[in-house]
Amino acid sequence: MAKFLVQKSDPLYGEVDISGAKNAVLPIMAAALLSSGSCEIMAVPTLRDVTVMCDLLRSIGATVHEDYENNKIIINTPKNVASEAPSELVSKMRASALVMGPLLAKTGMVRVPLPGGCAIGKRPIDLHLKGFQALGAEIIEGSDYVEAKADKLIGANIYLDFPSVGATENIITAAALAEGISVIENVAKEPEIVDLANFLNKMGAKIKGAGTDTIKIEGVSELSDCKHTVIPDRIETGTFMVAAAITKGNILIKNTLPNHLKPVIAKLRECGVTVEFDEENILVKGDMCKIQSTDIKTLPYPGFPTDMQPQFMALLTIANGTSIVKETVFENRFMHVAELIKMGADIKIDGNNSFIEGVSHLKGAKVKCTDLRAGAALVLAGLAAEGITEVSEIYHIERGYSDFVEKFRKLGADIRKIDD
Ligand code: EPU
């Protein structure tokens, strides 16, 4: 199993280009199944999750051309595709459940192995299924699979009990080809939802209101060719913003959308870090500051992103004072805490609150990634820790960060990948 060796870093300096967003490209690739033409997707990040999604689409019957040199994927979906997603691929990636809406709409039936829980929580798909049911689908839940089928999907009014990102995406894609009008309320407002709606509209869908609480979809009978460029990854951006702060460096983050990062910018400024930005670039100056403590509560967009909580916690471990971090989106997203404690952090957990007493320094240790963002947090902590931090189970990081080591090394970090 490969590992990262992370050496305490001098301040990181330079520029980094942000890749396309993982959490935008995955639902967009799944939605390409709805097209009866060719979908050319640009600014595709090079990630393990993307290659798993390519394999999944192929297993269903699509032709996928991967051109990572040009950050491009072309997906062609024939009229007849399979209705079933193979368990070995679904078990590799939770986002596989995103093929449910498109397959139900396209073939009138979908069957997938039940996506189990993961390190950050149980992660049920009840809201996805409720949405399909409202559109007229019958839901059959077996012991290890779930099936949805409908002769015809009919537009409906749907209220989501929680603004789930995945449920919003699955219901939008199912409703795009339903007969009549669907109105979905209390939907997720993440930028990735807006990107999906823009992609579908380019194929001929009629979706309005993405980015607000209510989305209205007028079903169409067919979706066709399109070309689409994926939005920049706001979580990759946020990770490099914290990297500048934690190493007291100066990083210019290019090809990003600062508008998507308002809570991250606000919290870094509360920590005493200077952040400047224009429409597409963010400059983070951590060189002159002493990190101050702050409190964070994760929330659905536009609140503070749960996907930035572990990285911020790494920063707060060396802040001046006590910080409270409250996780409200996932039930179990504090797995990195035990690892940070191994590095000398002073953190106590009480339910979904964690109390972080800033320490003067961290020390290198052997730590383990428990999920993608936890892994990123440990590398960030390693850059600030005395000595060497050995980070194992790095496949989690490779699932979701494009050219992770190369981008950090270009900024001056000493991170080496070794095979055990
Ligand atoms: N939930 C339910 N029932 C449902 C759906 C969700 O109870 O039917 C609960 C979940 O258990 C969780 C909460 O609602 O506690 C939020 O889940 P949501 O559906 O919003 O998240 P997701 O679609 O499973 C996406 C991202 C995650 C990101 C979350 C929240 C993708 C592929 N994944 O997951 O990304 O944390 O939204 O913003 O888009 C990551 O990139 O590291 C990552 C975990």
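The values are calculated or read from the model by the stated rules, or taken from the named source; none is laboratory data. Everything numeric in this text was worked out from a predicted model, so none of it was measured. Positions of Cβ are backbone-derived with ideal geometry, glycine not excepted, and every protein chain shown enters the neighbour counts. When the accessible area is computed, the model is the full protein with side chains, heavy atoms only, and any ligands, DNA or RNA have been set aside. Shrake-Rupley method; radii C 1.70, N 1.55, O 1.52, S 1.80 Å.
Table for the structure above
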| read-out | value |
| --- | --- |
| The chain: most fluctuating residue of A156, A244, A338 per GNM, C-alpha cutoff 10 Å | A338 |
| Gain upon complete extension [S91, L5; 0.36 nm per residue less C-alpha separation] | 28.1 nm |
| Quotient of C-alpha Rg and 2.2 N^0.38 Å, computed over the stretch 260-340 | 1.11 |
| Principal axis box of the stretch 109-206, alpha-carbon based, largest edge first, Å | 37, 32, 23 |
| Amide H within-cut-off set for V146, under 5 Å, with H built and near neighbours excluded | V112, L114 |
| Contour excess over end-to-end distance, with Cα ends at N320 and D350 and 0.36 nm allotted per residue | 8.7 nm |
| Zero-based 10 Å bins, Cα pair distances in the stretch 1-78, whole percents | 17, 42, 22, 13, 6, 0 |
| Spin-label model distance (nm) - E357 vs I181, 7 Å beyond Cα toward Cβ | 5.9 nm |
| Solvent-accessible heavy-atom area per residue, rounded to whole Å², over the chain at 1.4 Å | 39 Å² |
| Listed peptides 71-84, 172-185 by packing density, highest first (mean Cβ within 10 Å) | 172-185, 71-84 |
| Neighbour cut-off at most 15 other Cβ (10 Å), DSSP loop, GluC sites (Glu not before Pro), the stretch 210-292 | E222, E279, E280 |
| Using a Förster distance of 45 Å, the FRET efficiency for K410-S38 (Cβ separation, nearest 0.05) | 0.85 |
| Whole-percent carbon and sulfur share, accessible surface of the stretch 81-183, 1.4 Å | 50 percent |
| Relative contact order (%) - the stretch 210-305, alpha-carbon pairs under 8 angstrom, separation at least six | 25 percent |
| Separation in nanometres of the label points that stand 7 Å from Cα toward Cβ, at I139 and N281 | 4.8 nm |
| Extended-chain gain in nm, criterion 0.36 nm per residue less alpha-carbon gap, E66 and M109 | 12.7 nm |
| Radius ratio Rg over Rh of the chain, counting only Cα atoms, Kirkwood formula for Rh | 0.98 |
| HN-Hα J in Hz across the stretch 147-162 - Karplus 6.51, -1.76, 1.60, θ = phi - 60°, x for Gly and Pro | 10, 10, 9, 7, 4, 8, 8, 10, x, 8, 8, 10, 10, 8, 5, 9 |
| Bins of 5 Å from zero: percent of alpha-carbon pairs in the stretch 190-340 | 2, 9, 17, 18, 17, 13, 10, 7, 5, 3, 1, 0 |
| Among 298-304, 395-401, the order from most to least packed when residues are scored by Cβ within 10 Å on average | 395-401, 298-304 |
| Fraction in percent of alpha-carbon pairs per bin - 5 Å, the stretch 187-238 | 5, 20, 25, 22, 17, 8, 3, 1 |
| Nonlocal amide H pairs with F304, under 5 Å, H built at 1.01 Å | L299 |
| Exceeding the 20 Å Cα-Cα cut-off - candidates K149/K206; K72/K92; K248/K407; K3/K342; K8/K410 | K149/K206; K72/K92 |
